[in-house]
Amino acid sequence: MNNAQPAPEEIRIRAEPIELSRLLKFAGLFDSGGEAKHAIQAGGVRVDGVVETTVRKQIPAGAVVECAGRRFVVRV
(Lines give C-alpha, C1' and ligand atoms only; values in the text may rest on other atoms or scores of the structure.)
Protein backbone atom coordinates (compact mmCIF):
# COMPACT_ATOMS: atom_id res chain seq x y z
CA MET A 1 0.00 0.00 0.00
CA ASN A 2 1.44 3.35 -1.07
CA ASN A 3 0.58 6.33 1.16
CA ALA A 4 2.76 8.80 -0.73
CA GLN A 5 1.05 12.04 -1.63
CA PRO A 6 1.11 13.19 -5.24
CA ALA A 7 3.51 15.99 -6.10
CA PRO A 8 2.07 19.40 -5.26
CA GLU A 9 0.78 21.71 -7.97
CA GLU A 10 2.92 24.76 -8.67
CA ILE A 11 1.63 28.28 -8.20
CA ARG A 12 3.76 31.06 -9.66
CA ILE A 13 3.97 34.48 -8.05
CA ARG A 14 5.76 37.59 -9.30
CA ALA A 15 7.71 38.34 -6.15
CA GLU A 16 8.24 36.81 -2.75
CA PRO A 17 7.19 36.77 -0.03
CA ILE A 18 3.41 36.87 -0.48
CA GLU A 19 0.84 37.25 2.28
CA LEU A 20 -0.91 33.93 2.98
CA SER A 21 -4.46 35.25 2.55
CA ARG A 22 -3.52 36.84 -0.80
CA LEU A 23 -1.86 33.63 -1.94
CA LEU A 24 -4.98 31.55 -1.24
CA LYS A 25 -7.14 34.02 -3.14
CA PHE A 26 -4.63 34.19 -6.02
CA ALA A 27 -4.58 30.38 -6.20
CA GLY A 28 -8.35 30.43 -6.71
CA LEU A 29 -9.16 28.61 -3.48
CA PHE A 30 -11.40 31.44 -2.30
CA ASP A 31 -13.41 34.15 -4.04
CA SER A 32 -12.57 36.80 -1.48
CA GLY A 33 -9.85 37.71 0.96
CA GLY A 34 -12.41 37.48 3.76
CA GLU A 35 -13.13 33.83 2.98
CA ALA A 36 -9.38 33.10 2.90
CA LYS A 37 -8.86 34.86 6.25
CA HIS A 38 -11.69 32.88 7.84
CA ALA A 39 -10.18 29.57 6.65
CA ILE A 40 -6.76 30.54 8.00
CA GLN A 41 -8.09 31.64 11.39
CA ALA A 42 -10.17 28.44 11.63
CA GLY A 43 -7.01 26.33 11.27
CA GLY A 44 -7.83 25.06 7.78
CA VAL A 45 -4.46 25.91 6.22
CA ARG A 46 -1.08 24.21 6.54
CA VAL A 47 2.24 25.72 5.51
CA ASP A 48 5.09 23.24 5.25
CA GLY A 49 3.01 20.72 7.19
CA VAL A 50 2.22 23.04 10.12
CA VAL A 51 -1.22 24.58 10.77
CA GLU A 52 -0.94 28.32 10.16
CA THR A 53 -3.44 30.73 11.73
CA THR A 54 -1.63 34.01 11.00
CA VAL A 55 -3.55 35.71 8.19
CA ARG A 56 -0.70 38.03 7.24
CA LYS A 57 2.00 35.34 7.38
CA GLN A 58 4.60 36.00 4.68
CA ILE A 59 5.06 32.94 2.49
CA PRO A 60 8.40 32.50 0.67
CA ALA A 61 9.08 30.67 -2.58
CA GLY A 62 9.46 26.93 -1.97
CA ALA A 63 6.81 26.76 0.74
CA VAL A 64 4.20 24.00 0.43
CA VAL A 65 0.67 25.17 1.23
CA GLU A 66 -2.29 22.85 1.83
CA CYS A 67 -5.90 24.01 1.95
CA ALA A 68 -9.34 22.86 0.79
CA GLY A 69 -8.03 19.52 -0.42
CA ARG A 70 -5.33 21.09 -2.58
CA ARG A 71 -1.58 21.10 -2.10
CA PHE A 72 0.74 23.45 -3.93
CA VAL A 73 4.29 24.76 -3.87
CA VAL A 74 5.02 28.47 -4.27
CA ARG A 75 7.43 29.43 -7.09
CA VAL A 76 8.67 32.80 -8.35
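Of the residues 14, 70, which single one is at pLDDT below 95, of a type in the set (D, E, K, R) and within 12 Å of the chain's Cα centre (by Cα)? Explain how you work it out, then say what you get.
Details: 14 fails: within 12 Å of the chain's Cα centre (by Cα).
Result: 70 is the single residue among 14, 70 that is at pLDDT below 95, of a type in the set (D, E, K, R) and within 12 Å of the chain's Cα centre (by Cα).
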Considering segment 17-76 alone, what residues qualify as being part of a strand (DSSP E or B) and aliphatic (A, V, I, L, M)? 18, 45, 47, 50, 51, 59, 64, 65, 73, 74
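For the structure I just gave you, tell me whether residue 62 is at pLDDT 95 or above, closer than 16 Å to residue 75 by Cβ, loosely packed, with under 12 Cβ neighbours inside 10 Å and not β-branched (Val, Ile, Thr).
Values: at pLDDT 95 or above: yes; closer than 16 Å to residue 75 by Cβ: yes; loosely packed, with under 12 Cβ neighbours inside 10 Å: yes; not β-branched (Val, Ile, Thr): yes.
Yes: the conditions hold for residue 62.
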For segment 7-31, which positions are among the acidic types (Asp, Glu), touching a residue at least 40 places away in the same chain (Cβ under 8 Å) and over 16 Å from residue 62 (Cβ atoms)? 19
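The values are calculated or read from the model by the stated rules, or taken from the named source; none is laboratory data. Just so you know, these numbers come straight off a predicted model, no measurement behind them. We place every Cβ from the backbone using ideal geometry, glycine too, and count neighbours over all the protein chains shown.
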